[in-house]
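First up is the structure itself, then whatever we jot down about it.
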Amino acid sequence: MDVRSAYNSGLAGLQNASSQLTHSSAQIAQTGAGDSSTEKDSQVSASTSSPAERSPVSLTTELVNLKVAEFQAKSSAKVISTADDVMGTLINTSV
């Protein structure tokens, strides 16, 4: 059994969760910032931005993504904790 791969999987999961949290938070902040602009500003920015930038961000989707990232982070932390317990058990039995 390779405990290092369990640690690596846990760390990769935490990094992915962190990345998703950052991305979703930025999308939610962008949505909130877009609500405070005036209609004239919206028309000007809509005419100067690319189609990808104009696509609306679903607040519900981003909130779901935040929750998924939270669950991913919790499960990754459990993987790391379990790998740590296994390593401790292996060290105790080999001594």
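The values are calculated or read from the model by the stated rules, or taken from the named source; none is laboratory data. None of these values were measured; they are calculated from a predicted model. Methodologically, a virtual Cβ is constructed for each residue, glycine included, from the backbone with ideal geometry; neighbour enumeration extends over all protein chains shown.
Can you tell me which condition Ser47 does not meet? The list is (1) assigned to a helix (DSSP H, G or I); (2) at pLDDT below 95; (3) surrounded by 11 or more Cβ atoms within 10 Å (Cβ to Cβ), and all the others hold.
Going through the list (1) assigned to a helix (DSSP H, G or I); (2) at pLDDT below 95; (3) surrounded by 11 or more Cβ atoms within 10 Å (Cβ to Cβ), Ser47 breaks only (3).
What tally of residues in region 1-34 results from selecting those that are exposed (fewer than 12 other Cβ atoms within 10 Å of the Cβ) and either polar (S, T, N, Q) or touching an Asp or Glu at 6+ places or on another chain (Cβ under 9 Å) (or both)?
3
Filter region 56-71 down to residues that are within 10 Å of the chain's Cα centre (by Cα) and among the aliphatic types (A, V, I, L, M) and give me whichever is surrounded by the most Cβ atoms within 10 Å (Cβ to Cβ).
The selected residue is Ala69.
Which of the residues that make up region 72-95 are more than 10 Å from the chain's Cα centre (by Cα) and within 20 Å of Asn16 (Cα to Cα)?
Here is the first cut: in region 72-95, the ones more than 10 Å from the chain's Cα centre (by Cα) are 74-95.
The answer is Lys74, Ser75, Ser76, Ala77, Lys78, Val79, Ile80, Ser81, Thr82, Ala83.
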